[in-house]
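We did not get these values from a lab; they are worked out from the coordinates using the rules stated. Note that the structure is predicted; figures quoted are calculated from it, not measured. Cβ sites come from the backbone with ideal geometry, for glycine too, and all protein chains shown count toward neighbours.
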Amino acid sequence: MLGARRVDYQRDPVLLLESPKCPRLNNIRSSLLSLSSPSTRHSTTRFHVVSGFLVVVFASLKKIACFTSRVEATFHLWGILPSNLVSPAKQILKFTSSFLDPETKHFDWEAYISRIRQHPAADLVLEKYAPNTLASQTSTINALADEISKIIKQFAPVSLSIDETARRIVEVLTSLNDVKEAGIGHYEPDGTGSAVVYRIFLAIPHPEVENNIRFVVATIKSQADFAEESTWLSLEATSDHRFSASIDMVMLTATEEFVDPN
């Protein structure tokens, strides 16, 4: 029963690059894709490849602010970078997080995209933006996660597999308490139903431009035909309801010289 296990998103994150200490690791169900360097692998760290994508497996996440340069933990961090690209990745994350209202958790996509387009330097470039992409209605979280992961893969063909992306989305949507505690998603009423909004920040080396980073920022609003938050809290991957989703995504490129302009 996938949704019954606790996914602890609240343990120490992603600072392998800056700290020799690394938490003891568990299985991939409780992993975070770290923006860290393979050269800093600790003896207790397990690495493996999912469709060519290097995954750093952590037992859990805590004090994500350590990684985010004192930015509130507001996005689920996916990806891995070499050491020279970690600092600009932190700057992009800080910049991106400034458009997320700390009270309502609303991410202001309009202001975010406008600010990027108005950015005067060539160290941050908008590659493409896909607002309000709709996933087909499904009857289970498993099926919804498959639909969402296909949309993400089509938009951003990174080497993380559709199955792995779907697995992560299932874990998020069946672990609402843990997700809320980590600050990477939230529940909200939605008409006569309800929704869970989940935020992703993916960073990987640019596949074509040396010393550049490719970012994908996404918010996934998963909607359900029930109104009660308690139903989300007891939800399983195969629970029978009507689900749908809308996804906002942007792909960015940044150089290693980028500094948050705010």
Check your understanding: For the range 80-121, how many residues meet the condition of being out of contact with any helix residue (DSSP H, G or I) (no Cβ under 8 Å at 6 or more places or on another chain), among the small types (Gly, Ala, Ser) and within 23 Å of ILE204 (Cα to Cα)?
Key -> 5
Review point. Which of the residues spanning the range 146-164 are without any contact (Cβ under 8 Å) to a residue 40 or more places away in the chain and surrounded by 22 or more Cβ atoms within 10 Å (Cβ to Cβ)?
Key: SER149
Review point. Name the residues in the range 151-202 that are within 13 Å of the chain's Cα centre (by Cα), within 14 Å of PHE75 (Cα to Cα) and either among the acidic types (Asp, Glu) or in a loop (DSSP other than H, G, I, E, B) (or both), would you?
Key: GLY183, ILE184
Revision key, fill the gap. Within the range 117-150, the residues that are touching a Lys or Arg at 6+ places or on another chain (Cβ under 8 Å) and in a loop (DSSP other than H, G, I, E, B) are SER139
**Study point:** Hits in the range 204-262 (condition: more than 24 Å from LEU85 (Cα to Cα) and of a type in the set (Phe, Trp, Tyr))
**Key:** PHE226, TRP232, PHE243
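Scan the range 230-250 for residues that are part of a strand (DSSP E or B) and of a type outside the set (Gly, Ala, Ser) and jot them down.
Answer for the range 230-250, where residues must be part of a strand (DSSP E or B) and of a type outside the set (Gly, Ala, Ser): PHE243, ILE247, ASP248, MET249, VAL250.
Which residue, of LEU252, LEU202, LEU176, LEU233, is surrounded by fewer than 20 Cβ atoms within 10 Å (Cβ to Cβ), of a type in the set (A, V, I, L, M) and under 25 Å from ASP101 (Cβ atoms)?
One residue alone meets the criteria, LEU233.
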Review point. Within the range 192-211, is even one residue of a type in the set (S, T, N, Q) and within 17 Å of PRO131 (Cβ to Cβ)?
Key: no
Check your understanding: In the range 205-225, what residues are more than 30 Å from ASN177 (Cβ to Cβ) and buried (at least 21 other Cβ atoms within 10 Å of the Cβ)?
Key -> ILE213
Review point. Filter the range 176-195 for residues that are hydrophobic (A, V, I, L, M, F, W, C) and out of contact with any Leu (no Cβ under 8 Å at 6 or more places or on another chain); which is nearest to ILE247 (Cα to Cα)?
Key: ALA195
Point to revise | Residue check, ALA227 in contact with a Phe, Trp or Tyr (Cβ under 8 Å, 6 or more places away or on another chain), among the small types (Gly, Ala, Ser) and not in a helix (DSSP H, G or I) | key: no
Practice item. Tell me which of these ARG117 doesn't satisfy, since it passes every other one: (1) free of Cβ contacts under 8 Å to residues at least 12 places away in the same chain; (2) closer than 22 Å to PRO189 by Cβ; (3) charged (D, E, K, R). Key: (2)
